[in-house]
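Read the figures in this text as sums done on the coordinates, not as results from a lab. No experiment lies behind these values; they were computed from the predicted model shown. When we count neighbours, we look across all protein chains shown, and the Cβ atoms used for this are built from the backbone with ideal geometry, even at glycine.
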Amino acid sequence: MLDVAVFSFSVLVLSYLGVGGLQKWAEHRRVLDIPNERSSHTRPTPRGGGLVIVALSTIGLAVAWFLYPVWPPTTLFAYLVAAWLIAGVSWLDDLQSLPSRVRLATHSLGAILAILAFGYWRVVSIPLIGSLDMGWLGLLITFVWIVGLTNAYNFMDGIDGIAGGQAVVAGLGW
């Protein structure tokens, strides 16, 4: 348990330092989100902090997998490819607004990779009724859930600090 706590704290500190470094780089290179009528911020804000989080998550997952290989390597690889596809299209969208169909196609491909790697929601337990086998509907629900949640995070990312704060709360609860 101490290993997990030390490891998690190390990733937290590296994330903080990495995002701070990327923020300075983005300000120096003028990679900024300029406020407009739809913005929640009033001054230019550095872009790209998510890349640090994805990079450190990749390293963290790889180290954790080598220490505790609970997934087959192909599962880990598919998950990381999906994560980097979504991170890549999000970064490109930050640099130059991409058409929504490009983002949706990439998010859909990421969802398909995640489903192929981990499977889909097959059975739901309903209190007082029992278990319900969802069949192909479970596949559809899982796909829509992953794409929808990815897009919700993309939307929240435009509100300063909300996506990161929500991730911290989810991580602490997990």
Longest principal axis of the chain (C-alpha) makes with the long axis of helix 2-29 (C-alpha) an angle, in degrees to the nearest 10, of 40
In terms of modelled amide H atoms, which long-range or inter-chain residues lie less than 5 Å from the amide H of Val31? none
Taking the Cα centre as origin and putting +1 on Lys and Arg beta-carbons and -1 on Asp and Glu beta-carbons, what dipole magnitude results for segment 2-173, to the nearest 20 debye? 260
Dipole-positive endmost among Ser131, Thr106, Thr42 within segment 27-171 (Cβ charges, Cα centre): Thr106
Of Val63, Tyr120, Tyr16, which is farthest towards the positive pole of the chain's charge dipole, taken about the Cα centre with +1 and -1 on the beta-carbons of Lys, Arg and Asp, Glu respectively? Tyr16
Helix-only [θ] at 222 nm, the chain, -39500 (n - 2.57) per DSSP H run of 4+, per residue, nearest 500, equals -24000 deg cm²/dmol
Fewest-first ordering of Arg43, Arg122, Arg103 by Cβ atoms within 10 Å yields Arg43, Arg122, Arg103
